[in-house]
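First up is the structure itself, then whatever we jot down about it.
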Amino acid sequence: MTAVVQAEGLTKYYGRRRGLEDLTLDIQPGEVFGYLGPNGAGKTTTIRLLLDVIRPTRGLVRVLGADSRDPAVRGRIGYLPGELALEGRERARDYLEFLGRIRGGVPASRLDALAERLDADLNVPMGKLSKGNKQKVGLIQAFMHEPEFLILDEPTGGLDPLVQQEFLAMVREVRASGRTVLMSSHVLAEVEHVSDRVGIVRAGRLVAVENVAALREKAVRRVELHFDAPVPKEAFEGLAGVRDLRVEGAGVSCTIDGRPDALIKAAARFTVVHLVSAEPDLEEIFLTYYSEEDRHHGVAEPA
Amino acid sequence: MVSQSLRDCRRALIWWTIGISAFLSVYVNVYNTVKQNPQVYGQVALDKFPGPLKDLMGQSLENFSSGVGFLQGAVYQLFVPFLFAACAMGLANRAVAGPEENGTLELLVTLPVARARLVLQRFAAMALGLLAVAAVTFVLTWLFAEVNEMGIPFGNILAAHLGVYLLGLFLGTVTLAAGAATGRRGVAMAVMGVWAVAGYMVITIGRNVEAIAWLKWVSPFHYYAEGRPLYEGLPVGDYLVLAGATAVLALTAVLSFDRRDVGV
Ligand SMILES: Nc1ncnc2c1ncn2[C@@H]1O[C@H](COP(=O)(O)OP(=O)(O)O)[C@@H](O)[C@H]1O
Ligand SMILES: [Mg+2]
């Protein structure tokens, strides 16, 4: 099967400003690909290149096996822009129907079903929609024609938690039906539960592509253990993957790199009364990759 | 897409139609008073616009008290063409530059529609919108001319009004093309404004200045006014030049929009 996205040496400069440098990436049919990076990393630039909103400075990109310049390809894509603008007096429903007509017709029942799932009021003029409701309208227009490939740029911004859950359920359904999703975010927590793979982009470069499971293993995680009696520091020193160790009386805290196995086995010799393990946050994962990058490249390259 | 664009600017169209119609009903109906006191008003009109200002108003003031002279001076010389130009500018900026600046264009260019078609459809919407304004104001002008017994043939008013439409369409297309090429409303309005005002100056105040006389060939007002349609009927050649230039500009808009980044 041909890849849904094939990018090779894809590069975009805005004048002299770098947007994206030398991106080589394949996204396979049926996968959910999380595209992670801090603000200004180049996520939106990548996505706009895929949709032919902007044109590459160098490099090749094919989408769904065709040239990204071919308008017909866009008929098979659903797109949620990162900075979605909806304006005017027109009601959201009328606008969605207009977009649907250009996309070859979308049944009204499907619009209603989506609006109900996301709890969106489509009778409001678009200029008067709140940020969250705009995002809902944006999601509806991206999903409504059941595209083969969904490109969602920071989709969860402005959504309340319940709607976020519903949205993630919609993404899972898309994957279950064999279709493909590319979604960007600057928070791993938003994408990790639905993504099969994540790519991490920073300062215009793709620095890693990982399976989510593998990424979790690599993630730095803060762990605290409390025992029923003070424990000797030596029992925890020199364990594989354990860093920043602090032992204070009956409490032990540290960060783990990868598997917690050695720490758990060491702790098992005492009586554990309390265990806290913070979810790895993206920032720490970034820090790990940044330091690796710097080791590979020496000093950071000029911006 | 075309009907969607038209629906978007429905309010603007209605307001422009009302505005220009109000202008017409006030000005054209003043003619009754003028007609009854030809000496007074003919003289007043002349005195009111001395020297270069008279040039600015073209030659029409000299026979201000005749029906055709009055209609030319009050309607077709300056005010209505510029009202149309302003209206066209507003419509044209809704095509590309406006949506690009407010961010709504991004979703449209990611629809399965070629960029060239997008621009052409928005051009068509502008042309149709302007046509609607022109049609309503034409009927009004003709009606007022009849009521006031100006004695101008229907065909001549139609020819003059067609000129207003073509001029507005041309200037609108200038705006659209500049907006499609740059994505900036300000740039588009500046390009069009300078072209229109300079073009008007060249054929009025500047018509006797040797050094800039050649500029009249690039002034849309030359092709609009020189054939004196209200007096002499349809100036086919001149209007074809306007229409041809409009087509070339529309093509320029398509080509320049097709090859650039959107929203940067
Ligand atoms: N229109 C633009 N003009 C100039 N620079 C831009 C433009 N858009 C983005 N950039 C630059 O490109 C880089 C990547 O931006 P972007 O792709 O928007 O990042 P992200 O979506 O990951 O936050 C940033 O340094 C940004 O400043
Ligand atoms: Mg972005």
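The values are calculated or read from the model by the stated rules, or taken from the named source; none is laboratory data. Please read all numbers here as calculations on a predicted model, not as lab measurements. For neighbour counting, all protein chains shown are included, and Cβ atoms are generated from backbone atoms with ideal geometry for every residue, glycine included. These accessible areas exclude ligands, DNA and RNA; they are computed on the full protein's heavy atoms, side chains included. Shrake-Rupley method; radii C 1.70, N 1.55, O 1.52, S 1.80 Å.
Once the whole set of protein chains is in place, how much accessible area is left on B:W217, using a 1.4 Å probe, in Å² to the nearest 10?
Taking all protein chains as shown, B:W217 has close to 150 Å².
What are the equivalent ellipsoid semi-axes of region A:220-279, built from the alpha-carbon gyration tensor (square roots of five times its eigenvalues), in whole angstrom, biggest first? Walk me through the intermediate numbers first.
Values: eigenvalues 53, 29, 21 Å².
Working from the Cα gyration tensor, I get semi-axes of 16, 12, 10 Å.
Which whole-number percent gives the relative contact order of chain B, counting Cα pairs below 8 Å spaced six or more residues apart? Display every interim value, and only then the final one.
Working: 345 pairs, mean separation 64.5, N = 264.
The value is 24 percent.
With no solvent and one point on each alpha carbon, what is the Debye value of log10 I(q)/I(0) for region B:2-259 at q = 0.12, 0.13, 0.15 Å⁻¹?
Treating every Cα as an identical point scatterer, log10 I(q)/I(0) equals -0.72, -0.83, -1.05.
Step through the residues of region B:181-198 one at a time and calculate ³J(HN,Hα) from phi using the Karplus curve (6.51 cos²θ - 1.76 cosθ + 1.60, θ = phi - 60°), rounding each to whole Hz and writing x for Gly and Pro.
7, 10, x, 10, 5, x, 4, 4, 5, 5, 4, 5, x, 5, 4, 5, 5, 4
Could you pull the accessible area for A:S277 with a 1.4 Å probe, rounded to 10 Å²?
Accessible area of A:S277: about 60 Å².
Step through the residues of region A:158-164 one at a time and calculate ³J(HN,Hα) from phi using the Karplus curve (6.51 cos²θ - 1.76 cosθ + 1.60, θ = phi - 60°), rounding each to whole Hz and writing x for Gly and Pro.
Using θ = phi - 60°, the values come out as x, 8, 7, x, 4, 5, 4 Hz.
Output the residues of region B:230-264 meeting this criterion: accessible area (heavy atoms, 1.4 Å probe) in the chain alone minus accessible area with all protein chains in place is 10 Å² or greater.
Flagged in region B:230-264: B:D258, B:R259, B:D261, B:V262, B:G263, B:V264.
Using only alpha-carbon positions, what ratio does the radius of gyration of the protein assembly as shown give when scaled by 2.2 N^0.38 Å?
Working: Rg = 33.1 Å, N = 567, 2.2 N^0.38 = 24.5 Å.
In units of the 2.2 N^0.38 Å rule of thumb, it is 1.35.
Buried by at least 50 Å² relative to the chain on its own: which residues of region A:42-60 qualify, computing accessible area with a 1.4 Å probe on protein heavy atoms?
Output list: A:V53, A:R55.
How would you classify region B:123-264 from its alpha-carbon gyration tensor, with a ≥ b ≥ c the square roots of the eigenvalues: rounded for a/c under 1.5, else prolate if a/b is greater than b/c, otherwise oblate?
On the way: a/c = 2.41, a/b = 1.47, b/c = 1.64.
Oblate.
Probe of 1.4 angstrom, ligands and nucleic acids ignored: what's the accessible area per residue over the protein assembly as shown, in square angstrom? Don't skip to the answer; put the middle values down first.
Numbers: 25400 Å² over 567 residues.
On a per-residue basis, the protein assembly as shown sits at 45 Å².
Calculate the tail of P(r) for region B:80-196: the fraction of all Cα-Cα distances greater than 16 Å, expressed in %.
Details: 4158 of 6786 pairs.
The proportion of pairs with Cα distances above 16 Å equals 61 percent.
Which of B:A177, B:A22, B:A114 ends up with the largest GNM mean-square fluctuation for chain B, with Cα atoms connected below 10 Å?
Most flexible of the set in this elastic network: B:A114.
Please list A:F33, B:F144, B:F154 in order of solvent-accessible area, largest first, computed with a 1.4 Å probe with all protein chains present.
Values: A:F33 0, B:F144 35, B:F154 100 Å².
Listed by decreasing accessible area, they come as B:F154, B:F144, A:F33.
Can you give the FRET efficiency for A:D26 and A:E234, using 1/(1 + (r/R0)^6), R0 = 51 Å, r = Cβ-Cβ distance, to the nearest 0.05?
Details: r = 49 Å, r/R0 = 0.96.
Computed FRET efficiency for A:D26 and A:E234 comes out at 0.55.
Can you sort B:W15, B:W195 by solvent-accessible area, 1.4 Å probe, largest first?
Details: B:W15 175, B:W195 90 Å².
Solvent-accessible surface, decreasing: B:W15, B:W195.
If you roll a 1.4 angstrom probe over the protein chains with everything in place, what fraction of the accessible area of the protein assembly as shown belongs to carbon and sulfur, to the nearest %?
Carbon and sulfur together cover 58 percent of it.
So for the protein assembly as shown, if I pair up every lysine 8 or more residues apart or on another chain, how many of those pairs have alpha-carbons under 20 Å apart? Don't skip to the end; give the middle numbers.
Details: A:K12/A:K43; A:K128/A:K136; A:K218/A:K265; A:K233/A:K265; B:K35/B:K48; B:K54/B:K216.
For the protein assembly as shown, qualifying lysine pairs total 6.
Return the value, in Å² to the nearest 100, of accessible area buried between chains A and B (probe 1.4 Å, both sides summed).
Details: alone 15180 and 12490 Å², together 25400 Å².
Adding both sides of the contact gives about 2300 Å².
Taking every pair of alpha-carbon atoms in region A:5-216, give the share separated by more than 28 Å as a whole percent.
On the way: 5830 of 22366 pairs.
Percent of Cα pairs beyond 28 Å in region A:5-216: 26.
Given H placed on each backbone N at 1.01 Å, which residues far from A:Y79 in sequence or on other chains put an amide H within less than 5 Å of it?
Placed amide hydrogens put A:I151 under 5 Å from A:Y79.
On a 1.4 Å probe surface of the protein chains, which of A:T156, A:T271 comes out largest in accessible area, and what is the full order?
Details: A:T156 5, A:T271 75 Å².
Correct descending sequence by accessible area is A:T271, A:T156.
Quick one: Karplus J couplings for region A:41-46, per residue in order, coefficients 6.51, -1.76, 1.60, θ = phi - 60°, nearest Hz, x for Gly and Pro?
Coupling constants for region A:41-46: 6, x, 5, 4, 4, 4 Hz.
Could you give the distance between the Cα centres of region A:187-248 and region A:1-62, to the whole Å?
28
Pairs of alpha-carbon atoms within less than 8 angstrom and 6+ residues apart define the contacts here; what relative contact order does chain A have, in percent? Provide the component values of the computation, followed by the final result.
Values: 557 pairs, mean separation 58.1, N = 303.
Computed over chain A, the figure is 19 percent.
Per DSSP helix of 4 or more residues, -39500 (n - 2.57); summed, then divided by the residues of the protein assembly as shown. What does that give at 222 nm, rounded to the nearest 500? Spell out each step's value before the answer.
On the way: 26 runs with 296 residues, N = 567.
Estimated from H runs of four or more residues: -16000 deg cm²/dmol.
Quick one: grab the alpha carbon gyration tensor of region A:1-128, order the square roots of its eigenvalues as a ≥ b ≥ c, and give me rounded if a/c is under 1.5, else prolate or oblate depending on whether a/b is larger than b/c. Display every interim value, and only then the final one.
On the way: a/c = 2.20, a/b = 1.68, b/c = 1.31.
Since a/c reaches 1.5 and a/b is larger than b/c, the shape of region A:1-128 is classed as prolate.
Explain nothing, just the number: relative contact order of region A:220-279, from Cα pairs under 8 Å at least 6 residues apart, as a whole percent.
On the way: 109 pairs, mean separation 29.7, N = 60.
Relative contact order of region A:220-279: 49 percent.
Which one, B:M192, B:M126, B:M201, has the greatest fluctuation when you compute a Gaussian network model over chain B with C-alpha springs under 10 angstrom?
Among B:M192, B:M126, B:M201, the largest GNM mean-square fluctuation belongs to B:M201.
Rolling a 1.4 angstrom probe over the protein chains, ignoring ligands and nucleic acids, what is the accessible area of B:I14 in square angstrom, nearest 10?
90
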